[in-house]
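The values are calculated or read from the model by the stated rules, or taken from the named source; none is laboratory data. Just so it is clear, the model here is predicted, and its values are computed rather than measured. We place every Cβ from the backbone using ideal geometry, glycine too, and count neighbours over all the protein chains shown.
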Amino acid sequence: MYKLLVFFLIAGLLFFSAAWAEEVAGISNKVKWVTASEVNNFGFDVFRGDSEDGPFVKVNELTVPGAGNSDIPNQYEFVDEAIEAGKVYWYYVESISMSGEREKFTPTFKSKPRFPTADP
């Protein structure tokens, strides 16, 4: 089961959503975003916090690779499997340029608490 939240448009970002996916082996939050175009984009890091004001920590071990230079939309996602049942988290995505400059790319958003489903 997936629930999607779509947020407002910002420069270079077509849409940003959060999907809460129930996995067979546990629970996870899925962060998804689509770029309209990219210029010198090395990639993205995903940050998670316990509150809207943080503190935030990077949760992806490896940078999500960007498209470099692209005039076409590109879709991205990161699945956060290191979450606690029943806990609310806050996320945002940061872009990284080829020269190493970082910029907050998405709004900060709140996840819903996740609970494992009972086996039938």
Worksheet entry | Number of positions in region 66-105 that are surrounded by 18 or more Cβ atoms within 10 Å (Cβ to Cβ) and of a type in the set (Gly, Ala, Ser) | 2
Item to complete: Six or more apart or on different chains, Cβ under 7 Å: which pairs go from a residue in region 38-54 that's without any contact (Cβ under 8 Å) to a residue 60 or more places away in the chain to one that's of a type in the set (Asp, Glu) and in a strand (DSSP E or B)? Could you list them?
Response: Asp45/Glu94; Phe47/Glu94; Arg48/Asp80
Item to complete: Tell me which of these Thr63 doesn't satisfy, since it passes every other one: (1) at pLDDT 95 or above; (2) buried (at least 16 other Cβ atoms within 10 Å of the Cβ); (3) not aliphatic (A, V, I, L, M).
Response: (2)
